[in-house]
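Student: Take this structure, written in C-alpha cells, and hold onto it; I'll ask about it next.
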Amino acid sequence: MDKVLILYASSTGNTEMMAEAIVSYLKNRSYTVVSKSFEFDTIDVKELLDYDLVLIGTHSGDDGQIPFEAEHFYDELEDVDLSGRLFGVFGSGESFYDIFCESVEIMGDRLAQLGASLVPTRLKVELEPDKKDIERCEHFAEQSCSLLSIGI
Ligand SMILES: Cc1cc2nc3c(=O)[nH]c(=O)nc-3n(C[C@H](O)[C@H](O)[C@H](O)COP(=O)(O)O)c2cc1C
C-alpha cells in the first residue's frame with residue numbers, strides 16, 4: 001500500500017484540523033499515513049523520499065510568508081531530488097489580509113520549481129474549517145490518491 005506523509009505548521013490549530021481530516025480520510029482507506037508537525041517533530045528532508053505522496057500544510061503569518069517553523073525545511077528542499085515526486089499543498093488563512101493563504105502558494109511554487117509533481121488543487125480554507133471545508137479536505141485527499149493510483 002502507498003505511504004503518505006502529512007506535514008503541517010499551525011499556530012492556532014486551523015491548518016492542523018485540515019491535516020487531521022486528511023489523515024483520517026486516508027487511514028480509513030487503509031493508506032499508511034505518518035503525520036508530523038513542523039513545530040514539534042524532527043523533519044529531515046531526506047525522509048520525503050520514503051513516501052509515495054507528501055501533503056504539506058502551512059498557515060500564513062506575517063506578510064503571508066512561510067511560517068518560521070517551516071523555513072529551514074523550505075530552504076533545505078533543494079538538497080533532495082524531488083523530480084517526479086508527488087506533493088500537495090494546503091493551509092488556512094484569512095481573506096482579510098492582502099494575499100490570502102500566500103504561504104500555500106509559496107510552498108507549492110517552490111516544490112514545482114524543484115521538479116515535483118503537484119496535486120492540481122492548492123487547498124485553502126478561511127480560518128477554522130467548517131463542515132464543508134472538511135469535505136473539501138477529504139476531496140483533496142481523494143484527488144491526491146487518485147493521482148497516486150495512475151502513477152503521476
Ligand atoms: C500576524 C498575522 C498575519 C497574518 N497574515 C496573513 C496573510 O498574509 N494571509 C492570510 O491568508 N492569512 C494571514 N493570517 C491569518 C492566519 O493565516 C489564519 O488565522 C489561519 O487560520 C491560521 O492558521 P493556523 O490556525 O493553522 O495557524 C495572519 C494572521 C496573523 C496573526
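Every number in this text was worked out from the coordinates using simple rules, so none of it is lab data. Since we're looking at a predicted model, the values are computed, not measured. Here the Cβ is made from the backbone with ideal geometry for all residues, glycine too, and neighbour counts use every protein chain on show.
Student: What is the gain in length, in nm to one decimal, between residue 29 and residue 2 on full extension, counting 0.36 nm per residue of separation less the C-alpha to C-alpha distance?
Tutor: 8.6 nm
Student: Starting from the amide H of residue 58, placed 1.01 Å from N in the peptide plane, find each other amide H under 5 Å away whose residue is 5 or more places distant or on another chain.
Tutor: 9, 90, 91, 92
Student: In the chain, with Lys and Arg counted as +1 and Asp and Glu as -1 at Cβ, which of these residues, 91, 134, 38, has the Cα nearest the positive end of the dipole, that is, farthest along it?
Tutor: 134
Student: Now a separate question. List the residues whose amide H sits under 5 Å from the amide H of residue 3, counting only those 5 or more places along or on another chain, with H placed 1.01 Å from N in the peptide plane.
Tutor: 52, 53
Student: Let me ask something additional. How large is ³J(HN,Hα) for each residue in segment 109-117, as worked out from phi by the Karplus curve 6.51 cos²θ - 1.76 cosθ + 1.60 (θ = phi - 60°), to whole Hz, x for Gly and Pro?
Tutor: 5, 4, 5, 5, 5, 8, x, 5, 8
Student: Got a sec? How would 124, 3 order by Cβ neighbour count within 10 Å, fewest to most?
Tutor: With the fewest neighbours first, 124, 3 line up as 3, 124.
Student: Report, ordered by chain and residue number, the aspartates and glutamates lying within cross-link reach of residue 131, taken as a straight Cα distance under 14 Å and ignoring same-chain residues fewer than 8 apart.
Tutor: Leaving aside aspartates and glutamates fewer than 8 places away in the same chain, those within reach of residue 131 are 20.
Student: Do you know the relative contact order of segment 3-149, to the nearest whole percent, from alpha carbon pairs under 8 angstrom that are 6+ apart?
Tutor: Reported as a whole number, the value is 26 percent.
Student: Once label points are set 7 Å from the Cα along Cα→Cβ at both residue 81 and residue 41, what is their separation, rounded to one decimal in nm?
Tutor: 2.6 nm
Student: Would you kindly compute the Cα radius of gyration of the chain and its largest Cα-Cα separation (Dmax), both in Å?
Tutor: Gyration radius and largest Cα-Cα distance of the chain: 14.0, 42 Å.
Student: Just rank 144, 35, fewest to most, by other beta-carbon atoms within 10 angstrom.
Tutor: By the 10 Å Cβ count, ascending, the order reads 35, 144.
Student: Provide the net charge surrounding residue 27, with neighbours chosen by a C-beta distance below 14 Å and charges set as Lys +1, Arg +1, Asp -1, Glu -1.
Tutor: Result for the neighbourhood of residue 27: -2.
Student: Find the centroid of the Cα atoms in segment 1-45 and in segment 120-139, then give the distance between the two in whole Å.
Tutor: A separation of 15 Å, based on Cα centres.
Student: Sorted from fewest to most neighbouring beta carbons within 10 Å, what does the list 42, 12, 121, 58 look like?
Tutor: In increasing order of surrounding Cβ atoms, one gets 42, 12, 121, 58.
Student: For segment 3-149, what is the charge dipole size about the Cα centre, in debye to the nearest 20, if Lys and Arg each add +1 at the Cβ and Asp and Glu each add -1 at the Cβ?
Tutor: Computed charge dipole of segment 3-149: roughly 780 debye.
Student: For labels at residue 98 and residue 71 in the simple 7 Å Cα→Cβ model, what's the distance in nm?
Tutor: Label at residue 98, label at residue 71, 1.9 nm between them.
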